Amino acid sequence: MSTMRRFRAPLLPIDSPTGRERALIVIERLIKGLLFKCSMCGNCLLQETAFICPMLCPKGLRNGPCGSGAADGCCVDPSRPCVWHLIYQRAEAKGSLDKLLEVQAPLDWTRVGHETWGTVLAEARSRGLFSPSFLAHADEWRGEVTELFRGIRQPEWWQGDDQYHPPRSNGAASRLQAALDNGEFVLTAEVTPPADSNTEEVLQAAVGFRDVVHAANVTQNPMATTRMSSLACSALLMEAGVEPVLQLTARDHNRFTLQSEALGATAFGISNILCLTGDPPTKSRGPAAGLPFDLDATQMLWILRRMRDEAQLLDSRPLKKPPILFLGTAASPNDPMPQHEARRLEKKINAGAQFIQTQLVYDTARLKRWLAALAERDLLQKVHILVGVGPLRSVRMARYMREHIPDISIPPGLVDRMERSPDPKETGLEIALELVDQIKDMPGVSGIHLMSLGWKSILPRLLKEARL
């Protein structure tokens, strides 16, 4: 943990602290820094995260891991452990895992870099918590202190909780939702927007997908690389007769643009939205390594669900015509600690996720363990699960994914099979089709999400031979 690159706040035009506040900042930074490697985010969650600062996560995630790390590594920096796995492990040892289900608010950027203790003490005094009458009643005093800390970490414009919020709307928001609600086994595929303004690729994909898939995902700047707008490509698919799933990443949106993008999507008749945290900016080709994350996927779901069900923007303004949305997110069945991944997913479902598209699956034994962990927490009845499948194009690709991508598990037998094959491409396709056959009959699975993994030309054949 000592080498962990910590969260760094950007410089913001906030009021300069007074002399007293500066002294408290120095004292708090010194003590909490030594004890917890505190990043002075201004919205402390140490009591909820087993006294491990979640801002040590390179993405600054406050609601759990990004899903791209494994128990012994992190997608951003594989040389160190994922801080959120450490939080889960310590919380489990302390018996406080349920505290991690509360949906935490995005940072109040005007508080970043400021002290927290002075705010807590001032609010405590205003409530009279240090008066003899309160101190004499320990249980009542403890309850007031708990509410005090909750009020500080959960501002009035947020008020996150740990409860499930079923959709309030009647009827299906999209054809994809209607098919899932009717018990159909669905098929989705993926479209990667072009890296220029040429729309021909998108239209060609639409021709190949029409009448074959229930919906097509439109990725947003994969690998943190600039591409055509996901919303624009989704609108093109709609015009071509293919229902899109609009991907929105927390990396590319702050709390303002997220809400405007959802309203714009509804204006185009686009209702399926997949909320992702996104690949870190460090994976990009440009100088973007220092860009902060304003949101995470869980917070995105919370905001969009409230817009839809409560007709309310984050700033509390009412919406005369709320957006019509079918909300989804991603999950990782390959996590070696499926009970932790189940809790992370429960938090997303509570926040608003109605369907899940998983990371690529090659190890069906791990998938079964993950589904069992979800069933144990009674989650399979609350969400539709689409399992990710993609063809391995070469032995080199299979080895690289197995050794360097922490959230993908490829059994050694599959790699050996491709190495022995006279035609690894054909074997990779056979493996994908076999996986589809094994997965489609598993209880709790509602569909398959096919990914091309850069092998776009194989998708039409894969879609045809999958026999779904």
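The values are calculated or read from the model by the stated rules, or taken from the named source; none is laboratory data. Quick caveat: nothing in here was measured; it's all calculated off a predicted structure. Here the Cβ is made from the backbone with ideal geometry for all residues, glycine too, and neighbour counts use every protein chain on show. Please note that ligands, DNA and RNA were not included when accessible areas were found on the heavy atoms of the full protein model with its side chains. Shrake-Rupley method; radii C 1.70, N 1.55, O 1.52, S 1.80 Å.
Brief remarks on what is shown
- Note on Phe185/Asp309: beta-carbon distance plugged into 1/(1 + (r/R0)^6) with R0 of 25 Å gives a FRET efficiency of 0.35.
- Inter-label distance, Thr199 to Asp363: 4.4 nm, where each label sits 7 Å from its Cα along the C-beta direction.
- Against the chain, whose longest principal axis comes from its Cα atoms, helix 364-376 is set at around 40 degrees.
- Percentage relative contact order, the chain, counting C-alpha pairs under 8 Å, at least six apart: 14 percent
- Acute angle (nearest 10 degrees) that the helix 230-239 long axis makes with the longest principal axis of the chain, alpha-carbon atoms: 40 degrees
- Full-extension gain in nm, Asp378 to Arg168, via 0.36 nm per residue minus C-alpha separation: 73.6 nm
- FRET efficiency estimate (nearest 0.05) - Cβ-Cβ, Glu156 to Ala93, R0 30 angstrom: 0.30
- For His165, solvent-accessible area (1.4 Å; no DNA, RNA or ligand), Å²: 50 Å²
- Between Arg420 and Arg467, the contour length at 0.36 nm per residue exceeds the alpha carbon distance by 14.2 nm.
- Note on the chain: helix-only mean residue ellipticity at 222 nm, from DSSP H runs of 4+ residues weighted -39500 (n - 2.57) and normalised by residue number, equals -12000 deg cm²/dmol.
- Violating pairs (Cα-Cα greater than 21 angstrom) within the set Lys440/Lys464; Lys368/Lys456; Lys382/Lys464: Lys368/Lys456; Lys382/Lys464
- With the simple spin-label model, which puts each label point 7 Å out from Cα in the Cβ direction, the Glu123 to Glu21 separation comes to 1.6 nm.
- Degrees separating the helix 395-404 axis from the principal Cα axis of the chain, which is the longest one: 10 degrees
- Computed with a 1.4 Å probe on the full set of protein chains, the accessible area for Asp437 sits at about 60 Å².
- Cross-link partners of Lys94 among lysines (Cα-Cα below 21 Å; sequence separation of 8 or more within a chain): Lys32, Lys37, Lys347
- Residue-span extension gain [Thr110 to Ser457] - 0.36 nm each, minus C-alpha spacing: 120.0 nm
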